[in-house]
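> Handing you this structure, nothing more for now.
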Amino acid sequence: MRTQVGIVGAGPAGLTLGRLLERAGIENVILESRSRDHVEHRIRAGVLEQGTADLLVEAGVGERMQREGIVHHGIELQFDGERHRVPLSELTGGRSIVIYGQTEVVKDLIAARLESGSPLHFEVEDVSLHDLEEHPRIRFGGEELECDLVAGCDGFHGVSRPSIPPGVLRIYEREYPYGWLGILAAVAPSSDELVYAHHERGFALLSLRSPELSRLYVQVRHDEDVAEWPDDRVWEELRTRVGPLTRGPVLEKGVTGMRSFVAEPMQYGRLYLAGDAAHIVPPTGAKGLNLAIADVKILAEAIVAWYESGDRARLDGYSDACLRRVWRAEHFSYWMTSMLHRDDDAGEFGRMLQLSQLRYVTTSTAAATSLAENYVGLERV
Ligand code: APR
Ligand code: PHB
């Protein structure tokens, strides 16, 4: 078998790349190790930057998002028991965010792919990458796919990054000593906008997926056992940290660790990494999905330019072009995380610094603008 671009992974990065290439007339095959059902029901983030939403519309997969996504013009920061609104749109010349689950983005992309008839294989086994320098080949389930280029869109635990020979990549990494316990609840959100709460017992976040679905988080230990958190305890902890809220049936519950990670460069030979395969941010800045989409936009344009002109310049510049945005998002996510979470190692001194920083971003227009422009997504980085 032969194709132009072999794409490993059918998450937001792989599916969006496949879509963009297909629209440009470039043949591609997507290989995914999980089942379609698994991929479509994995609960993930839900905040789209304006640039991400625009790209989905341009790619012809934004119709349901435009109908069902909820546009937000601000977020709330809560500390010392009070909420302070950060008016995102006012501070960024009218830009906004769209609340629309990653799960829904993935469903829309898969539906479009199946309709177009381009190859998308689920539950492929034993994926391995070969001869990445010259004539890349992807082996899977006893078959072999020859490609001009390979896109490694297989997430943090995929095979693409580990297929790069030792010594090529430089890894930058930081782990946080806490995690988030998240629930999805069948109840109308108790706040119109997202609430990021700093509390002496730890961070909490009120978010949503739709007018009927709330998504809520509390900071816990990174190795916290979900079994120790019956629903009542979660609701009680949320009430303590953010104030009164309407309870409802809990549909999902899980613990996520927090990590910052960057692998440089995001390319080796004819393999290009995109999304979580190359970088991870802690969820506090809501950047993970947006970074993945920003990567594949740049990658698709570089691939198209290469096929059109034979000029490798854009492909060779792919990693540098992505990493500027990646590092901005790494810093922003780390900064939001450090400002909002309880950190026992930082002690009382650290807590006083956090409160001072929170007061600053909620009273100084300059400081609030910095948060806002990062949150909605910078156009130029
Ligand atoms: N072979 C084929 N597919 C694989 C393999 C493999 N060996 N290993 C992993 N995959 C698949 C996963 O099952 C998953 O569907 O690759 C896909 C990677 O998707 P994501 O993890 O969603 O990563 P990405 O597309 O980069 O999107 C980043 O996801 O984790 C969130 O916060 C993150 O929102 C961000 C987004
Ligand atoms: C979510 O809705 O899951 C969500 C929202 C904002 C974040 C992280 C997660 O910063």
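Quick note: the coordinates plus some simple rules give every number you see, no bench work behind them. Treat the numbers as computed from the prediction; the structure is a model and nothing was measured. Positions of Cβ are backbone-derived with ideal geometry, glycine not excepted, and every protein chain shown enters the neighbour counts.
> Just want the ordering: ILE183, ILE7, ILE303, from fewest to most Cβ atoms lying within 10 Å of their own Cβ.
So the residues, fewest neighbours to most, are ILE183, ILE303, ILE7.
> If you don't mind, another one. Taking the convex hull of the alpha carbon atoms in the range 261-301, what volume per residue do you get, in Å³?
Spelled out: Cα convex hull of the range 261-301, divided by residues, is 58 Å³.
> Taking neighbour Cβ counts within 10 Å as the exposure measure, how do THR240, THR365 sort from fewest upward? The partial results should precede the final answer.
Working: THR240 14, THR365 11.
Sorted ascending by nearby Cβ count, the order is THR365, THR240.
> So, one more: Pick from ASP295, ASP192, ASP276: which is most flexible by mean-square fluctuation in a GNM of the chain where alpha carbon atoms under 10 Å apart are linked?
Of ASP295, ASP192, ASP276, the Gaussian network model singles out ASP192 as fluctuating most.
> I'd like the trypsin sites (Lys or Arg not before Pro) in the range 167-214 restricted to DSSP loop residues with at most 14 other Cβ atoms within 10 Å, sorted by number. Show your work: numbers first, answer last.
On the way: sites: ARG170, ARG174, ARG201, ARG209; in loops: ARG201.
Qualifying residues, ordered by number: ARG201.
> Given a 10 angstrom Cα cut-off, can you work out which residue in GLY81, GLY182, GLY269 is the most mobile in a GNM of the chain?
Comparing GLY81, GLY182, GLY269 in the GNM, the peak value goes to GLY81.
> Sketch the reach of a paramagnetic label on ALA111 as a point 7 Å from Cα along Cα-to-Cβ, and name the residues of the range 59-83 whose backbone nitrogen lies under 17 Å away.
Counting backbone N atoms under 17 Å from the label point, the list is 59-70.
> Continuing with this model, one more query. Select from ALA112, VAL124, PRO87 the residue farthest towards the positive end of the dipole of the range 84-136; place +1 on Cβ of Lys and Arg, -1 on Cβ of Asp and Glu, and compute about the Cα centre.
Checked the options; the winner is PRO87.
> Here is a further query. For the range 266-347, just say rounded, prolate or oblate: build the C-alpha gyration tensor, square-root its eigenvalues into a ≥ b ≥ c, call rounded for a/c under 1.5, and beyond that prolate if a/b exceeds b/c, oblate if not. The partial results should precede the final answer.
Working: a/c = 3.62, a/b = 3.17, b/c = 1.14.
Because a/c hits 1.5 or more and a/b exceeds b/c, the range 266-347 counts as prolate.
> OK, next. Please compute the net charge surrounding GLY275, taking Lys and Arg as +1 and Asp and Glu as -1 over other residues with Cβ under 13 Å from its Cβ. Please report the intermediate quantities before stating the final value.
Details: positive: ARG44, ARG161, LYS287, LYS297, ARG325; negative: ASP154, ASP276, ASP295.
Within the 13 Å Cβ shell, the charges total +2.
> Viscosity 1.567 mPa s, temperature 4 °C: what is the translational diffusion coefficient of the range 178-258 from Stokes-Einstein with a Kirkwood Rh over Cα pairs, rounded to a whole number of µm²/s? Present the calculation step by step, with values, prior to reporting the outcome.
On the way: Rh = 12.4 Å.
It diffuses with D of about 104 µm²/s by this estimate.
> Per 20 Å bin, what is the whole-percent P(r) computed from every C-alpha pair distance within the chain?
Per 20 Å bin, starting at zero, the Cα-Cα P(r) for the chain comes out as 28, 57, 15, 0 percent.
> What number comes out for the charge environment of GLU264, summing +1 per Lys or Arg and -1 per Asp or Glu over other residues with Cβ under 14 Å away?
Numbers: positive: ARG161, ARG170, ARG324, ARG325; negative: GLU173, ASP295, ASP320, GLU330.
Here the charged neighbours net out to 0.
> Okay, next question. Using only helices, what value at 222 nm comes out for the chain when you add -39,500 (n - 2.57) per DSSP H run of length 4 or more and divide by the total residues, to the nearest 500 deg cm²/dmol? Could you put the intermediate results ahead of the total?
Details: 12 runs with 142 residues, N = 381.
Computed ellipticity for the chain at 222 nm equals -11500 deg cm²/dmol.
> Rounding to the nearest 20 debye, state how big the charge dipole of the range 227-304 is about its Cα centre with +1 on each Lys and Arg Cβ and -1 on each Asp and Glu Cβ.
Numbers: 9 positive and 10 negative charges, 25 e Å.
Here the range 227-304 has a charge dipole of around 120 debye.
> Can you sort LEU289, LEU91 so the residue with the fewest Cβ neighbours within 10 Å comes first? Don't skip to the end; give the middle numbers.
Details: LEU289 26, LEU91 20.
In order of increasing Cβ crowding within 10 Å: LEU91, LEU289.
> Moving on. Charges only on Cβ, +1 for Lys and Arg, -1 for Asp and Glu: so what's the dipole of the chain about the Cα centre, in debye to the nearest 20? Please report the intermediate quantities before stating the final value.
Working: 41 positive and 58 negative charges, 146 e Å.
Dipole size: approximately 700 debye.
> Between ALA367, ALA45, ALA13, find the one with the highest GNM mean-square fluctuation for the chain; connect C-alpha pairs within less than 10 Å.
ALA367
> Let me ask something else about it. Net charge near ASP80, counting Lys/Arg +1 and Asp/Glu -1 over other residues with Cβ under 11 Å of its Cβ? Can you show the working numbers first?
Details: positive: ARG83, ARG359; negative: GLU82, GLU200.
Surrounding charge for ASP80 is 0.
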